[in-house]
Amino acid sequence: MQVAAAEVELQDLFVQPTAVGAPETVTLSIVVPLYRSADTLARLLDALGALEVEGGHEIVLVHDGSPDDTLSRCRALIPLVRVPVTLIDLSRNFGEHNAVLAGLRVARGRAVVTMDDDLQNPPSEVMVLVRRLLADDLDCVYGVYREKRHSLFRNFGSRLTNWMSRFVLEKPRDLYLSSFRCMSAFLAAEVARHEGPFPYIDGLILQATRRIGSVEVEHAARASGESGYTLRKLLRLWTSMFVNFSVMPLRAATVLGFVLGSVGAGLFAVVLHEYFTTGASVRGWGSLMAAIAVFSGAQLVMLGLIGEYVGRLFLTTSRKPQSVVRGIERCRGSSPRVGEETVSVRRERLSVGAGRRG
């Protein structure tokens, strides 16, 4: 079915029973984690608020402990947005995936889009994802960039992450993972159930469903600032992918142990053969020390790998928080009486207790 077939009214395709007393739903929720977003926030909210969505939409902003004035800018701007806005303030920086999960838990949409805050995902492309989700009755749709505007390092890291996820997460070969994605309410609820302190959104999605598609979208140059994509974050992402969603590293360690053991047994057989056929002892203190170093290094790597699994298991069972919500502020959408909306935001913010877990 072609994407154009989804031009019918969105709320008609999203008809679902609503439980008595359940929060009022909207057609679409847009979840955006915020970190150092002060310079792009006004343009982002203006563009997202201007979207025309049958059945209505909301914006969920998650302030992920940004050290700049992102939070104060949010509080000043959200009363001016014409659609409902929810602002979640995390107590510190927990990371992008943790922040997205906090946003998914309060999203009311029958479809949920997650996107970055740097305007490299043009807000105008949001509905492209939603239409593809509806047209093919999918649980998730990823945006595939026609032309990527990231740095060379980030492009390399993304390609390597996608390549590794084929083996670790059994990702389909033709599927490209990105942070610009649209999920059904069913899938968003399943992903949001995860309580572990080391989440990986794409791993959770691939564990829950295989009804996943993709669609080409535009990718803009970064509007302001520099990317926070660093080698340290890339390594943390890979560790979460390998350790939290697969036992493949343990299997690889087992295979490596068999290989090294076989090599050692072969070398021992050579030594015995030389001794019994020629009566000569095999010299080579340097080679012996090199072999010991290789085997010892392999053992330490395996122990470290097992320690990583055990350590994460300990932190999970000891209930290390995935995120801690300091407060939640809501705005129903701007009206002619903007001052009244501002008061409603402040009252709800003051009524929220500190220290809630996300």
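Per-residue answers, yes or no, for (1) exposed (fewer than 11 other Cβ atoms within 10 Å of the Cβ); (2) at pLDDT 75 or above:
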position	(1), (2)
Gly261	no, no
Gly266	yes, yes
Tyr275	no, no
Gly279	yes, no
Arg283	yes, no
Leu288	no, no
Ala293	yes, no
Ala298	no, yes
Val301	no, yes
| List pairs: first in the range 119-140 and more than 18 Å from Glu218 (Cα to Cα), second part of a helix (DSSP H, G or I) and among the acidic types (Asp, Glu), Cβ under 9 Å, 6+ apart or cross-chain? | Asp139/Glu190
| request: Taking only the range 325-337 into account, find how many residues are in contact with a helix residue (DSSP H, G or I) (Cβ under 9 Å, 6 or more places away or on another chain) and either at pLDDT 65 or above or surrounded by 12 or more Cβ atoms within 10 Å (Cβ to Cβ) (or both). | output: 9
| field | Residue satisfying all of: in the range 163-184; of a type in the set (Lys, Arg) and farther than 21 Å from Leu235 by Cα; surrounded by the fewest Cβ atoms within 10 Å (Cβ to Cβ) among these | value | Arg173
| query | When the residues of the range 19-76 are filtered to those that are among the charged types (D, E, K, R) and assigned to a helix (DSSP H, G or I), which remaining residue is farthest from Arg110 (Cα to Cα)? | reply | Arg73
| query | Any idea which of Val26, Val20, Val53, Val62 is modelled with pLDDT of 95 or more and within 22 Å of Arg330 (Cβ to Cβ)? | reply | Val62
| message | Can you pull out every residue in the range 93-108 that is of a type in the set (A, V, I, L, M), in a helix (DSSP H, G or I) and either more than 16 Å from Arg181 (Cβ to Cβ) or touching a His at 6+ places or on another chain (Cβ under 7 Å) (or both)? | response | Leu101, Ala102
| request: Could you check Gly196 against (1) more than 28 Å from Thr317 (Cα to Cα); (2) in a loop (DSSP other than H, G, I, E, B); (3) not acidic (Asp, Glu) and say which number it fails? | output: (1)
| query | How many residues, within the range 167-179, are farther than 26 Å from Val126 by Cα and either free of Cβ contacts under 8 Å to residues at least 12 places away in the same chain or assigned to a helix (DSSP H, G or I) (or both)? | reply | 2
| field | In the range 114-162, residue modelled with the highest pLDDT [restricted to those that are surrounded by fewer than 21 Cβ atoms within 10 Å (Cβ to Cβ) and part of a strand (DSSP E or B)] | value | Val144
| remark: Taking first residues from the range 65-86 that are without any contact (Cβ under 8 Å) to a residue 60 or more places away in the chain and farther than 20 Å from Thr27 by Cα and second residues anywhere that are part of a loop (DSSP other than H, G, I, E, B) and among the charged types (D, E, K, R), the pairs with Cβ under 6 Å that are 6 or more apart or on different chains are Gly65/Arg92; Ser66/Arg36; Asp68/Arg36
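The values are calculated or read from the model by the stated rules, or taken from the named source; none is laboratory data. Here the structure is a predicted model, which means the values were calculated and not measured. Because the Cβ atoms are built from the backbone with ideal geometry, glycine has one as well, and the counts that use them run over all protein chains shown.
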